[in-house]
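Here's the structure we're looking at; comments come further down.
The values are calculated or read from the model by the stated rules, or taken from the named source; none is laboratory data. Given the structure is predicted, the values throughout are model-derived calculations rather than measurements. With ideal geometry, Cβ positions are generated from the backbone for all residues, glycine too; neighbour counts draw on all protein chains shown.
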Amino acid sequence: MRLARAKADGRRSRRTKLVREVYAGDIYEYYPLGKYVVSAPGVCGGRPTFKHTRLEVGVVLSRIASGETIEQVVQAYSLSRLTPEAIQEAIRLADKALIQSANSSSLSPSRLYDQSITHGEDRPPDSGAR
């Protein structure tokens, strides 16, 4: 049911299947988003994490965005065995998701421009001076 609902929302592609494997003696279930990035329903509320960790992709991307290098982030999370390749994949996936979101959003730049023309917003704002 959860997968069907997620598909209806468009959040999961049709080719993504739940993977079940034994890891460290426990059953680990996840939807692969890439080789290193997964969405595990029982981990961090299903938010994207690095495979076999509770390390959220968003946390790592925030550190990169704040100016840390990939190597600094890898060092900070060395106990989790985070790799530069995993971070690079997360950056690529975030880039792809942003582009897809912008292309399908009602807030896409071309749509905003079209709306501004329709509503006469292509004129400079009135300064209020008369």
The condition of being at pLDDT below 95 and aliphatic (A, V, I, L, M) holds, among 64, 27, 70, 87, only for 27
Among the residues of the range 29-60, write down those that are out of contact with any strand residue (DSSP E or B) (no Cβ under 8 Å at 6 or more places or on another chain) and in a helix (DSSP H, G or I). 45, 58, 59
